[in-house]
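Reviewing the structure listed below.
The values are calculated or read from the model by the stated rules, or taken from the named source; none is laboratory data. Quick caveat, the model's predicted, so the values are computed rather than measured. Here Cβ is always computed from backbone atoms with ideal geometry, including for glycine, and neighbour counts include all displayed protein chains.
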Amino acid sequence: MAATTFIRTDSSNPDFQKLVALLDQDLAIRDGAEHAFYAQYNKINLIKHAVVAYQQEVPVGCGAIKAYDDQTTEVKRMYVLPEYRGQGIAAIILAALEKWAHELGYASCILETGKKQPEAIRLYQKSGYNQIPNYGQYAGVENSICLIKNLNLDS
């Protein structure tokens, strides 16, 4: 397996943008008719904190965080190219995002994922996230699962 490197960037990064476009294509298939609902909450133009993973200079995965409130950041746009899955890249991206959030002074990370994304649910649970009632725009949405992790536990 090739060495994986990571950079901190923002939503203006072209590699991040390309990976998010592939993520959106994947989610359009998984979410079907519900995709438009989710897509409206996943715009990347204002993301200031993104991580892109590279193997041999090829962008292979990404993730981002954005402020939810003064104490909480929301994990967004997690994606790894299918041919690079199973190597632990997503877990490392998630850990890098949590570290960055902690450095920025956030106490916890929250996120939403879909019930049709069992591999994402497993990743988050293995990474110490616990299910919470659906928050914000996801309240009452049957296909959504919301999770939280207290960052101070790992500091």
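Is it the case that segment 85-98 has a residue that's of a type in the set (A, V, I, L, M) and assigned to a loop (DSSP other than H, G, I, E, B)? No, segment 85-98 contains no residue that is of a type in the set (A, V, I, L, M) and assigned to a loop (DSSP other than H, G, I, E, B).
Among residues of segment 114-132 that are surrounded by fewer than 18 Cβ atoms within 10 Å (Cβ to Cβ), those with a beta-carbon under 9 Å from a residue that is outside any helix (DSSP H, G or I) and among the basic types (K, R) at least six positions away or on a different chain give the pairs E119/R85; I121/K115; S127/K149; G128/K149; N130/K149.
Residues in segment 48-62: is at least one more than 19 Å from T5 (Cβ to Cβ), assigned to a loop (DSSP other than H, G, I, E, B) and acidic (D, E)? Looking through segment 48-62, none of the residues is more than 19 Å from T5 (Cβ to Cβ), assigned to a loop (DSSP other than H, G, I, E, B) and acidic (D, E). Pairing residues of segment 1-27 that are modelled with pLDDT of 90 or more with residues that are among the hydroxyl-bearing types (S, T, Y) and in a helix (DSSP H, G or I), at Cβ distances under 9 Å and at least 6 apart in sequence or on separate chains, gives T4/Y84. Filtering segment 66-75 to residues that are closer than 17 Å to N152 by Cα and part of a strand (DSSP E or B) leaves A67, T72, T73, E74, V75. Taking A39 and the conditions (1) surrounded by fewer than 14 Cβ atoms within 10 Å (Cβ to Cβ); (2) modelled with pLDDT of 95 or more; (3) within 24 Å of G136 (Cα to Cα), which numbered condition does it fall short on, given that it satisfies the others? Only one criterion is unmet by A39, namely (2). Would you confirm whether any residue within segment 96-109 is within 16 Å of Y124 (Cβ to Cβ), at pLDDT 95 or above and of a type in the set (S, T, N, Q)? The answer is yes, given that some residue of segment 96-109 is within 16 Å of Y124 (Cβ to Cβ), at pLDDT 95 or above and of a type in the set (S, T, N, Q).
Residue count for segment 133-155, restricted to those that are exposed (fewer than 11 other Cβ atoms within 10 Å of the Cβ) and modelled with pLDDT of 95 or more: 1. Going by the structure shown, is V75 within 15 Å of N150 (Cβ to Cβ), free of Cβ contacts under 8 Å to residues at least 40 places away in the same chain and surrounded by 17 or more Cβ atoms within 10 Å (Cβ to Cβ)? So V75 fits the description; yes.
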